[in-house]
Structures are given as structure tokens and as C-alpha cells.
1. Would you pick out the residues in segment 60-76 that are surrounded by 11 or more Cβ atoms within 10 Å (Cβ to Cβ) and either within 12 Å of the chain's Cα centre (by Cα) or at positive phi (or both)?
2. Could you list, in sequence order, the residues of segment 60-96 that are assigned to a loop (DSSP other than H, G, I, E, B) and under 13 Å from residue 7 (Cβ atoms)?
3. Restricting to segment 36-59, name every residue that is assigned to a loop (DSSP other than H, G, I, E, B), more than 14 Å from the chain's Cα centre (by Cα) and surrounded by 11 or more Cβ atoms within 10 Å (Cβ to Cβ).
4. For segment 21-33, enumerate the residues that are closer than 19 Å to residue 91 by Cα and over 10 Å from the mean Cα position of the chain (by Cα).
């Protein structure tokens, strides 16, 4: 059985989450510096069976594309060339960073840990994956 992976792409860091093999549970995997992302994915795909990659689609409140969308599209062109057999699906990621921050508060994380932007990116990727798994 294969996993589903979600990416919360950012120009500096990308949060990554994966499902279990039964595709029931979404878990944060890590946060990777974006320039190292393709190398990380190549290694991960060799070690784990991934059947689908979800990539967050950031939109403004008025439904227009966010400024980072240009960079995501550039990344996706390279990704598709490097991993032509890997299906990619875009998922609306509006408010995932706010939801991630709120979940950190709700879980009782101290203020210092809530400032960890890498953790917010990883939780955001998990929320993207959860929204797909539970739709």
C-alpha cells in the first residue's frame, strides 16, 4: 500500500506531511529548506511508496492567487520533469497557517515553540493532507 504526501510550499521552507499506508491518518513528517526539497523527495520516494503528492494552493480571501503561487508553479514544472510518474493534486490551503498556529495554542505549546515557523509549516502540511483525506 502507498502513502499520500502533502507539501506546504514556501520560498524558504516547505512543510511535509504523509499519510499512513491505509490513508487514514495524516502526520507531520518534517520541514525542509526549499532549495533542498527535490533532493529530499527523491530520497524519500526511493524509501517509501508514495502514490500521490498534494501541493497547497494558496489563495487570497477574494479567491485570487497568492504571491507565492509563481514560485510553486516553477517548482511544479521541475517536479513533474524529475518525477513524471508521480501524480500531483493541488489543494486549497487558505487559512492553514492560522489553523496550525491555533492548534499549537490548543495543544498547550509554549510561546517559544509557537514561534517555530518550521513547525507551523509542518502542521500546515498536515492540515492540507487531513482536508484531502477527510473530504
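Each reported figure results from applying straightforward, stated rules to the coordinates on display, with no laboratory input. Values in this document were obtained by computation on a predicted structure and should not be read as measured data. As a convention, Cβ positions derive from the backbone with ideal geometry for all residues, glycine included, and neighbour counts pool all protein chains shown.
1. Residue satisfying the conditions is 72 alone.
2. Of the residues in segment 60-96, the ones assigned to a loop (DSSP other than H, G, I, E, B) are 60-64, 66-68, 83-87, 93-95.
Scanning segment 60-96 gives 68, 83, 86, 93.
3. We begin by selecting, within segment 36-59, every residue assigned to a loop (DSSP other than H, G, I, E, B); these are 48-49, 58.
Retained after the next criterion (residues that are more than 14 Å from the chain's Cα centre (by Cα)): 48-49.
Listed by number, the list holds a single entry, 48.
4. Result: 23, 24, 25, 26, 27.
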